[in-house]
Amino acid sequence: MLNLNIYFDENYWLDGRKLLTTDIYQSSIFNWYYKYCYKKQKPLNNKFVKSGPQKLVNNILKAFEKRHDVVFNDDVYNNYYFCTYSLKYKNKIINVLKEDTKVIVGPLYTPDDFLELVNLTNKYKNLQIVCASNPAKKTMLKIANIVDQENTICVIPVGVSSEVQILKNKEGKLQIQTDCLIYFKNRKKIELDKITDFLNSKNLSYKLFEYGKYSNSKLIKSAKTSKFGIVLGRTESQGIGINELMSTNLPLFVVDSTENYFNNEVHEGTSVPYWSELCGIKIDDIDHFEANFPKFLKHVEGEKYHPWQLIVDKLSYEAMAENLKTTFINISS
C-alpha cells in the first residue's frame, strides 16, 4: 500500500497562457476546463497536453486515478508527494515537515526553488528532493555541492504507460504506414536536413514531429504505425515523449545531445537517460549517422530490438508505484 497524498499546482503550467495562440489548446480559454478536470482528479485527453510539466502530472493522474491508497490534493495519509514546488504549497510543505511526516518534492521546480529545497533538507531529514533520472541527479548534486548526502535527492521517473498496454503493444504493431517517425526537439535544422536528405535518398518515407508543434495522440498513433524512429533531441531529465515512443515498442536511432545547460552552466547530459541496447542505436555525432544506419535497419527488420522491456522494468505505472513505495520506506521519520 502506498498510502500517499499527491499534490500538484496546475498553475505551474497554466499561468501566463494567453487567450490568442497558434495552438487553440494552449489558449487560456481552456483553463477553466483543465482546472475542472484536475479538481475531479481526472487526467486530460492527450490532445490537450502540450507541455512537459503538464504531461508529467497527467501521467501521474493516469497511473493512480483508480487506486484507493492514493489521493490528490488532499490530506488523508502520512506520506506526501508534492510534484510541483510553487508558492501555493510552500507553507504547507513546511507545516507537514514539522509534523515529522515523510515528504518528497519535485521534479517541477525552478533552479532557485531547488536550492531552497536543498536548504530545507539540511533542517528536515524527512524531506527528499525528486529528480527524474540518474544523469539529472548527478547534475543536481553538482549544483547543490552535495558531497556526502546523496540520499537527499531521489530518482523517481514518471511512468508512461501501464504494463498491460505495454505488453499489448509488443504483441504486434498496427499496419505499417510509414517507414520512419522523426522526433525533432531544439536541434539545428542543418542536422535535420542531413537526416531527411538521407532518408529521401533511400526512398524511405517519414513523418516529422517537431516539439511544441504536434498532438501527443498523433505522435503515439504514428509510433504504432511506423517501422522505426529517429530522435534528434536535446538533453533531457527524463524525456517522457521519447519514453512514450519506446512504450509502443518503436526501435529508435538516437542522435544524442550530451551537453545539459542548467542555470547558465554546462553539465553532462543525454537525450535518453533511460536506454539500453534493446532500444536501438545511440550515436554522439550526426556525422556518424550514415555509417551506423545500415546496421540499425538490419536489426529493425530482424526484430532485434525490444524497447518495451526497458519501459516495463523502469517506466511503467507499476514500476513508478514500486519506486515511490521504496522511497518512502527509506526516508527517515
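The table that follows gives values for the structure above.
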quantity	calculated
P(r) histogram, all alpha-carbon pairs of the stretch 1-136 included - 10 Å bins from 0, percent	11, 41, 34, 13, 1
The stretch 73-89 - phi-based ³J(HN,Hα) in whole Hz, Karplus 6.51/-1.76/1.60, Gly and Pro as x	6, 8, 9, 10, 10, 9, 9, 10, 10, 9, 5, 10, 10, 9, 4, 4, 10
Distance violations [Cα-Cα > 29 Å] among LYS137/LYS207; LYS138/LYS194; LYS142/LYS185; LYS42/LYS92; LYS102/LYS221	LYS137/LYS207; LYS138/LYS194; LYS102/LYS221
Proxy reagent accessibility, fewest Cβ within 10 Å first, across LYS47, LYS102	LYS47, LYS102
Pairwise Cα inverse-distance average, inverted: Kirkwood Rh of the stretch 53-96 (Å)	11.7
Descending principal axes extents, the stretch 123-203, alpha-carbon based, whole Å	60, 38, 15
Beta bridges by DSSP in the chain, antiparallel share as percent, to the nearest 5	10
With eigenvalues of the C-alpha gyration tensor scaled by 5 and rooted, the stretch 211-282, Å	23, 15, 9
Segment ASP284-ARG234, extension gain: residue separation times 0.36 nm, minus the distance between their alpha carbons	16.8 nm
Inter-probe distance in nm under a simple model that places probes 7 Å from Cα toward Cβ, at GLU150 and LYS40	4.6
Rg followed by Dmax, in Å, when the stretch 163-313 is reduced to its Cα trace	14.6, 46
Between helix 289-301 and the chain: long-axis angle, C-alpha atoms, 0 to 90°, nearest 10	90
Magnitude of the charge dipole, the chain, Cβ model with Lys/Arg +1 and Asp/Glu -1, debye to 20	1060
Spatially close lysines, pair count over the stretch 262-333: Cα under 21 Å, gap of eight or more or interchain	7
Which of ARG17, ARG67 has the fewest Cβ neighbours within 10 Å, and the rest in rising order	ARG67, ARG17
Fully extended contour minus Cα-Cα distance, from ASN78 to VAL164, at 0.36 nm per residue	28.0 nm
Rg [Å, one decimal], Dmax [Å, integer] - the chain, C-alpha atoms	20.3, 65
Amide H partners (placed H, <5 Å) of LEU4, local residues excluded	VAL70, VAL71
Relative contact order (%) - the chain, alpha-carbon pairs under 8 angstrom, separation at least six	18
Longest site-free stretch - the chain; sites: GluC sites (Glu not before Pro), DSSP loop, at most 16 other Cβ within 10 Å	172-276
Degrees between helix 111-123 axis and first principal axis of the chain (Cα, 0 to 90, nearest 10)	40
Aspartates and glutamates with Cα under 19 Å of LYS125, excluding same-chain neighbours fewer than 8 positions away	GLU99, ASP100, ASP113, GLU116, ASP148, GLU150
Estimated FRET transfer efficiency (ASP69, LYS221; beta-carbon r; R0 35 Å; 0.05)	0.60
Fully extended contour minus Cα-Cα distance, from GLN175 to SER51, at 0.36 nm per residue	41.7 nm
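Bear in mind these aren't lab numbers, they're just calculated from the coordinates by the rules spelled out. In this text the structure is predicted, and so the values were computed from the model without any measurement. All Cβ positions, glycine included, derive from the backbone under ideal geometry; neighbour counts span all protein chains shown.
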